[in-house]
Amino acid sequence: MAIKTSLRDTAPYVTKDGSQIRELMHPHEHGNRLQSLAEAMVPVGEATALHRHGHTEELYHITAGRGRMTVEHEQFDVAAGDTVCIPPGVRHRIQNIGNTPLHLLCCCSPPYSHDDTELSDGGT
């Protein structure tokens, strides 16, 4: 059976890393099973907190704006149309380096969980 959601009907919230997201598909809300999909927005001049996920692999697909990814000790720029794979256990963050909000789709498998997010400053 298909499950359908709409971005316009999805309320935003702030995740543990400080990004504002809208859960487009998550097992706890929508009944899918093995992954989650969210749209994240990073305001101009802002960045997510450096963090890692112990079990979750993430895919970031940039849909609008420009950013700078930090993945462990590597940094590189990203823009609309780019996709980045972040393996489990790898510290990462994304910073908006453009002059418009940075928007990205974030696919997580297993699904996103605050409990699987560890901030690099030791916060939980």
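When the range 1-52 is filtered for residues that are β-branched (Val, Ile, Thr) and within 18 Å of Arg93 (Cα to Cα), the ones remaining, listed by number, are Val14, Thr15, Ile21, Val42, Val44, Thr48.
Only one of the numbered conditions (1) at pLDDT below 95; (2) more than 20 Å from Arg22 (Cβ to Cβ); (3) surrounded by 15 or more Cβ atoms within 10 Å (Cβ to Cβ) is not met by Thr117, and that is (2).
Taking the criterion of being more than 19 Å from His103 (Cα to Cα), in contact with a Gly (Cβ under 7 Å, 6 or more places away or on another chain) and of a type in the set (Gly, Ala, Ser), the only residue of the range 27-75 that qualifies is Gly54. I need the full set of residues from the range 111-123 which are assigned to a loop (DSSP other than H, G, I, E, B) and within 13 Å of the chain's Cα centre (by Cα), in order please. Answer for the range 111-123, where residues must be assigned to a loop (DSSP other than H, G, I, E, B) and within 13 Å of the chain's Cα centre (by Cα): Pro111, Tyr112, Ser113.
Residue check: is His103 outside any strand (DSSP E or B), of a type outside the set (A, V, I, L, M, F, W, C) and out of contact with any Phe, Trp or Tyr (no Cβ under 8 Å at 6 or more places or on another chain)? So His103 fails the test. Considering each of Ala49, Ala2 in turn, give the residue that is without any contact (Cβ under 8 Å) to a residue 40 or more places away in the chain and surrounded by fewer than 18 Cβ atoms within 10 Å (Cβ to Cβ). Only one candidate qualifies: Ala2.
Restricting Thr10, Thr63, Thr117 to residues that are in contact (Cβ under 8 Å) with a residue 60 or more places away in the chain and polar (S, T, N, Q) narrows the list to Thr117. If you go through the range 74-104 and keep only what is touching a residue at least 40 places away in the same chain (Cβ under 8 Å) and surrounded by fewer than 16 Cβ atoms within 10 Å (Cβ to Cβ), you end up with Asn99, Thr100, Pro101.
Considered as a group, the residues in the range 1-31 that are within 26 Å of Ser120 (Cβ to Cβ) and of a type in the set (Lys, Arg) include one that is modelled with the lowest pLDDT, and that residue is Lys16. Residues of the range 61-113 that are farther than 18 Å from Val44 by Cα and among the hydroxyl-bearing types (Ser, Thr, Tyr): Thr83, Ser109, Tyr112, Ser113.
The values are calculated or read from the model by the stated rules, or taken from the named source; none is laboratory data. None of these values were measured; they are calculated from a predicted model. All Cβ positions, even for glycine, are placed from backbone atoms using ideal geometry, and neighbour counts span all protein chains on display.
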